[in-house]
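Colleague: To start, I am sharing the structure in question, which I have written as structure tokens.
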Amino acid sequence: MTTPRTLTITIDPDWKTVLRTAGHKAAIGLATGQPQGETLNFETPAVFFAYLNGRRWLLLRDLLGQGTVGVRELARKVGRDVKGVHTDTQILVDIGLLEKDAKGALRCPYDRIHIDMVMQAAA
């Protein structure tokens, strides 16, 4: 049985701390043999929303837990043109939210995606 994969998306301008924390979690995972989750960080909300706009969010949602799906099939499923779906899914592949197989079919490798956004008053 495959261990479920969880991705946590964070928004934190202090990418060095995010990277250190991810490294620490990876070390714990190696030592214990237990997955500690994976993290994808964006430095600002603007960058997050530039990559994960509404159209891409819906594609990601439709691929989560669905196995492998071709671009044309996905485009039919979501009622969009193939070129637009291809462009959007390529961006999601580039940032690691989707994977492509040798034939170009897509899949979301995660079973769960958690988004951790915090807004607070300026100091």
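Colleague: For region 31-38, indicate whether the set of residues that are more than 18 Å from the chain's Cα centre (by Cα), over 15 Å from residue 110 (Cα atoms), of a type outside the set (Asp, Glu) and not in a helix (DSSP H, G or I) is non-empty.
Modeller: Yes, region 31-38 contains a residue that is more than 18 Å from the chain's Cα centre (by Cα), over 15 Å from residue 110 (Cα atoms), of a type outside the set (Asp, Glu) and not in a helix (DSSP H, G or I).
Colleague: Another question about this same structure. Scan region 97-112 and report the pairs whose first residue is within 18 Å of residue 3 (Cα to Cα) and whose second residue is of a type in the set (D, E, K, R) and assigned to a loop (DSSP other than H, G, I, E, B), with Cβ atoms within less than 8 Å and a gap of 6+ or a chain change.
Modeller: Pairs that qualify, where the first residue is within 18 Å of residue 3 (Cα to Cα) and the partner is of a type in the set (D, E, K, R) and assigned to a loop (DSSP other than H, G, I, E, B), are 107/101; 109/5; 110/5; 111/5; 112/5.
Colleague: With the checklist (1) among the β-branched types (Val, Ile, Thr); (2) assigned to a helix (DSSP H, G or I); (3) in contact with a helix residue (DSSP H, G or I) (Cβ under 9 Å, 6 or more places away or on another chain) in hand, flag the one item residue 47 doesn't pass.
Modeller: Result: residue 47 fails condition (3) only.
Colleague: While we're here: Taking region 85-96 on its own, how many of its residues are aliphatic (A, V, I, L, M), in contact (Cβ under 8 Å) with a residue 24 or more places away in the chain and surrounded by fewer than 16 Cβ atoms within 10 Å (Cβ to Cβ)?
Modeller: Residues in region 85-96 being aliphatic (A, V, I, L, M), in contact (Cβ under 8 Å) with a residue 24 or more places away in the chain and surrounded by fewer than 16 Cβ atoms within 10 Å (Cβ to Cβ): 1 in total.
Colleague: From the residues in region 1-24 that are farther than 27 Å from residue 67 by Cα and surrounded by 14 or more Cβ atoms within 10 Å (Cβ to Cβ), which one is modelled with the lowest pLDDT?
Modeller: 18
Colleague: Same structure, new question: For region 83-97, which residues satisfy the criterion of being in a helix (DSSP H, G or I) and either in contact with a strand residue (DSSP E or B) (Cβ under 7 Å, 6 or more places away or on another chain) or at pLDDT below 95 (or both)?
Modeller: 89, 93
Colleague: So which of 30, 58, 40, 74 ends up being free of Cβ contacts under 8 Å to residues at least 40 places away in the same chain and buried (at least 16 other Cβ atoms within 10 Å of the Cβ)?
Modeller: Result of the check over 30, 58, 40, 74: 74.
The values are calculated or read from the model by the stated rules, or taken from the named source; none is laboratory data. None of these values were measured; they are calculated from a predicted model. Backbone-built Cβ (ideal geometry, glycine too); neighbour counts: all protein chains shown.
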